[in-house]
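The values are calculated or read from the model by the stated rules, or taken from the named source; none is laboratory data. Please read these numbers as outputs of a predicted model, since none were measured by experiment. Note that each Cβ is placed from the backbone with ideal geometry, even for glycine, and that neighbours are counted across all protein chains shown. The accessibility values were calculated without ligands, DNA or RNA, using every heavy atom of the protein model including side chains. Shrake-Rupley method; radii C 1.70, N 1.55, O 1.52, S 1.80 Å.
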Amino acid sequence: MSAPANQVTGRTKVSTDRLRRLQALGIFCGFAAGAWLGGAEAPIKLVNPAISPITVSLIMVLGVFLARWSVPALIHGTQHVRNDVSQAPHLIVWAVLAGCMWAVANTLTIYAIRDVGLSIAFPLWNSNSLLGIFWGFLLFNELHYAGWKRWLGVIGGAICMFGGATLLAIASAHEAAPGKATLGILAALGAGILWGTMYIPYRKAYLTGMNPLSFITFFTVGEVLTMTLLAIGYRGATPLWHELESARAVLFWLMLGGFVWVIGDLFQQYATKYVGISRGIPLSNTNQLWGLLWGILVFHELRNGGRIVHTQVASGSVLMALGALAISLSSATENEHSSWQDAAHREGERYGVEQDYVSAGMEGRAHTDTKHRKTALDWLLIAGTTTVFVILGSFAKLPTVDVSSGWAIVLALTMLTLLLACGASLWRTTKFR
C-alpha cells in the first residue's frame, strides 16, 4: 500500500532510528506489563471466599489509589503532573471515565476468578485485544498504510486468540463448580469489553502528548469514586465497614495486589503510547501465561482435572499466546506511524493543544527543559504510602491455603528482574516521558 497522500504539514518527522528504539521499548514494556498484571491477581487467592468480591475490589482499588499517586511523585514529582494538566486539561475527564470503567471491570474479574479460576479467567477477559485492534483502527489511524503482511499478522493473531479463548471457555466447564461456569465466563468477557473500551482514553491521552505518569493520577479518581459507590450501594455502609474490619488480616495482601497492578498497568500505558493499542494490548495480554503459571504452579489449580482438561487449557493458552505474538511482531512502518501523527495532529487541533507538546509526547522527549525538584507534597505521598503498607503488613496473616512457596519466590524474582530491566530502558530512552 502506498504512502498516505494527505500529509499534515509543519509537523516533526520522527527519525527512523528513534522510531525503532521507541517501538522496541514499547514491546519490552508490553511484556513487562504482562508479568506484573498477571502477578497482581495472585493475592486474591489468599482471601477468604466469604469476603464479598465487591469488598475485595474496593480494597484493591485503595491500594491502586496509593500507588497511582506515590509512583509518579517518586519518579517525576507532582509538579510534572500539574504541567501536563495545564497543556491538556480536557484529558482529566477522559482519565476519570477510564478509571470508572476499570473499577467495574476489576470487580467482574473477582467474580470470574472465584468461579472459573485464574488459569481460565485470564484468557477470557483478554478478549479486550480484539476491541483494542478495532478501536485503534477506527479512531486513531492504527494499521493505516501498514501493508498486507502486517494486516495478516494482526487478523491472524486475533483469530488465534479467539480460538484459544474458546478452548479455555470449554475447559472452564470442567473446572468450575456446578452452575458457576457460565457466570464466571460472562464476568470475564464483560471485563474484557470494559477494558477494551477503556483504551480509547489511553490512546487519546498519549497521542495528545500527556505523560502516562500524569494520566494515571486522575485515572484513579474515577476508580475510587466508582468502587466506593458500588460497594456502599451493594453492601450498605454499615455492613461494608464490618466486613472491612473482619478482613483486617488480608488487607495488606489485597492492597499489595492493587499496587502490583499499577506497576503492570504503567508498563501497559507506555506500551500503548509507543506501539499503539492494537499492538500494545495483545503484548500486555501475555499476562494470561503468567496467570496460568501462578494458578497452576503456585495455587495448584487444575490438579484434579483430567488429561482432556489439561490439554484444552494448554492448547488454548498456547494458541492465544501465538496470536498475541503474531500481532506484536507486526510492527508499525514509517508510513503507518505517519498516519498516527495525523491522528495526533487532529487531536491537538480539536482541543487546542500546542503542537510542539503533542510532537514531544510522540517522540518520548521533554516538552521543555525545566527540571522539577521533589516538593513536600511528593515526599508526603511517598512516606504516607510506605507507612500504610508497613502498618497493614504488621498485622497481615497468611490464610491456610495450599501454596507452593518455592514457585511463588521464583515468579516474584522474575517479575522484579523485568521491573528493573524495563524501568532502566524507559529511563535511558525517554526519562519516563
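Annotations for the structure displayed:
- Accessible area of Val298 in the full protein assembly, 1.4 Å probe (Å², nearest 10): 0 Å²
- The order of His367, His242 by accessible area, most exposed first and with a 1.4 Å probe, is His242, His367.
- One chain, two ends: Trp379 and Ile159. Fully extended at 0.36 nm per residue, the span grows by 74.4 nm beyond their Cα-Cα distance.
- Largest GNM mean-square fluctuation across Tyr270, Tyr145, Tyr234, computed for the chain with C-alpha springs under 10 Å, falls on Tyr234.
- On full extension, the segment bounded by Asp356 and Ala412 gains 16.1 nm, given 0.36 nm per residue less the C-alpha separation.
- Local net charge near Met60, Cβ-Cβ under 10 Å (Lys/Arg +1, Asp/Glu -1): -2
- Highest-fluctuation residue, Val309, Val96, Val116 considered, GNM on the chain with Cα pairs under 10 Å: Val309
- Span-like helix criteria (full DSSP H runs; alpha carbon extent of at least 30 Å along the helix axis; mean Kyte-Doolittle hydropathy of at least 1.0) are satisfied in the chain by 53-75, 91-116, 212-235, 307-329, 405-430.
- Relative protection proxy for 74-84, 254-264, from highest mean packing down: 254-264, 74-84 (other beta-carbon atoms within 10 angstrom).
- Rounded percent of accessible protein surface that carbon and sulfur make up, region 53-134, 1.4 Å probe: 79 percent
- Under the simplified labelling scheme, the Asn335-Ser246 pair shows an inter-label distance of 6.3 nm, with each label point 7 Å from Cα along Cα→Cβ.
- Charge tally in the Cβ shell below 12 Å around Ala50, where Lys, Arg are +1 and Asp, Glu are -1, Ala50 excluded: 0
- Seen through its C-alpha gyration tensor, with square-root eigenvalues sorted a ≥ b ≥ c, region 338-433 comes out prolate because a/c lies at 1.5 or above while a/b is bigger than b/c.
- Charge tally in the Cβ shell below 9 Å around Leu22, where Lys, Arg are +1 and Asp, Glu are -1, Leu22 excluded: +3
- Charge dipole (region 333-433, unit charges on Cβ, about Cα centre) - positive-most of Ser394, Gln355, Val410: Ser394
- The chain: relative contact order as a whole-number percent, Cα under 8 Å and 6+ apart: 36 percent
- Student exercise, the chain dipole from Lys, Arg, Asp, Glu Cβ charges, in Debye to nearest 20: 520 debye
- For the chain, a Gaussian network of Cα nodes joined below 10 Å ranks Thr217, Thr333, Thr286 by mean-square fluctuation, and the top entry is Thr333.
- Among Arg373, Arg433, the order of accessible area from largest down is Arg373, Arg433, computed with a 1.4 Å probe on protein heavy atoms.
- Full-extension gain in nm, Thr238 to Thr400, via 0.36 nm per residue minus C-alpha separation: 55.5 nm
- Using the 1.4 Å probe convention, the accessible area of region 294-335 works out to 47 Å² per residue with neighbouring protein chains retained.
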